Amino acid sequence: MQTVHIDLGSRSYPILIGSGLLDQPSVLAQAIPARDVLVVTNGTVAPLYLAAVLRGLAGKRVASIALPDGERYKTLETVGRVFDVMVEQRLNRDACVVALGGGVVGDMAGFAAACYQRGVDYVQVPTTLLAQVDSSVGGKTGVNHPGGKNLIGAFHQPRAVISDTATLATLPMRELRAGLAEVIKYGLIDDLEFLGWIERNAQPLLALDPEALAHAVRRSCEIKARIVAADEREHGQRALLNLGHTFGHAIETATGYGQWLHGEAVAVGMVLATDLSRRLGWLAEGDVARVQALLERVGLPSRAPTIGADRALELMGMDKKVLAGRIRLVLLRKLGQGKVSGDYPAEALEATLRAHFEARAA
């Protein structure tokens, strides 16, 4: 087992990474001292891993709820079902919520924990690659709104993150590829050497090589841990973690939540971010081609859906990184060095949007 620490003073916590952690009852018992526990999962993950989690919580008063699976269910209405169970079980402020599943489950369970009685503990047990390298770490919780992704939420740090890489063996290949988009993101914004490692190890990662997966999860978490520790509530540097996300969220919202997986939309968003960075003179054509080739090598999309440049810009205007009416974007000064900027020519952004979101209609 490897451990990465998130250093946030009194809100610090460990990220535990290893294969077979859910089969070690002591891991869960140590991470969850609470007597009353609610396990939030979904109908896909519950048959696979709920029993193991319950064994690890033996001796506690445990309830569970299995939510419907899918991004389209990441709503206030669904979270309301979690609140109903918490009230029915008469949980108090010393209870703990366990989020067992992917990013959707983690976001909703964390949001419920943040809101219930003004905040109770929760522990993330991510079972997808995307959740293990990104969404389970850093304390962002929330739900979607028809007008935009993750518009309703709260910052609420977990007590711990338990990433059992063995759970990735049951992950559909499409979900695994989507998680690799977030892994690639870390190399692009912060670590050129890691980007090169991903390029050399693309096939072992897709083949679920345990050592490759463990390294990808650990290095991704190390990068995110450092950035979150420096800017917990995203006033500055933490926004770097959103490379491709402003474009990607527009794709998810425009096409209906669930048609595109989050990682797939982020992958295309990173293509647009590199294209705009090239138009600003920061990246060479070869850099853009290198990023696109890597995304395609791991089976991710690199072409945007035809939602129209004007519609994309409208949806991007609802992004949480908009300040004073200006859309701040995560761009690349060079590969391995991200930059958050709202200082770019409007015509450059428009050219990127028209080249990608209207390319097939031209």
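Brief remarks follow.
- Residues of region 123-138 that are modelled with pLDDT under 95 and out of contact with any Lys or Arg (no Cβ under 8 Å at 6 or more places or on another chain): S135, S136.
- Counting the residues of region 206-232 that are more than 19 Å from Q157 (Cα to Cα) and surrounded by fewer than 22 Cβ atoms within 10 Å (Cβ to Cβ) gives 10.
- Selection count, region 62-92, where residues are of a type outside the set (D, E, K, R) and in contact (Cβ under 8 Å) with a residue 40 or more places away in the chain: 12
- 2 or more residues over 18 Å from D319 (Cα atoms) and either in the same structural domain as G258 (by TED's automatic domain parsing) or within 15 Å of the chain's Cα centre (by Cα) (or both): qualifying strands (runs of 3 or more DSSP E) within region 102-155: 121-126
- Some residue of region 214-221 being closer than 17 Å to Q337 by Cα, in a helix (DSSP H, G or I) and without any contact (Cβ under 8 Å) to a residue 40 or more places away in the chain: yes
- Of the residues making up region 150-179, those that are basic (K, R) and surrounded by fewer than 19 Cβ atoms within 10 Å (Cβ to Cβ) number 1.
- Among residues that are surrounded by fewer than 24 Cβ atoms within 10 Å (Cβ to Cβ) and in contact (Cβ under 8 Å) with a residue 60 or more places away in the chain, A95 is included.
- Residues that are touching a Ser or Thr at 6+ places or on another chain (Cβ under 7 Å) and outside any helix (DSSP H, G or I) were ranked within region 39-67; the one that is surrounded by the most Cβ atoms within 10 Å (Cβ to Cβ) is T41.
- Qualifying positions in region 145-163 - out of contact with any strand residue (DSSP E or B) (no Cβ under 6 Å at 6 or more places or on another chain) and within 23 Å of L180 (Cα to Cα): K149
The values are calculated or read from the model by the stated rules, or taken from the named source; none is laboratory data. As the structure is a computational prediction, the values presented were derived from the model and not from experiment. Because the Cβ atoms are built from the backbone with ideal geometry, glycine has one as well, and the counts that use them run over all protein chains shown.
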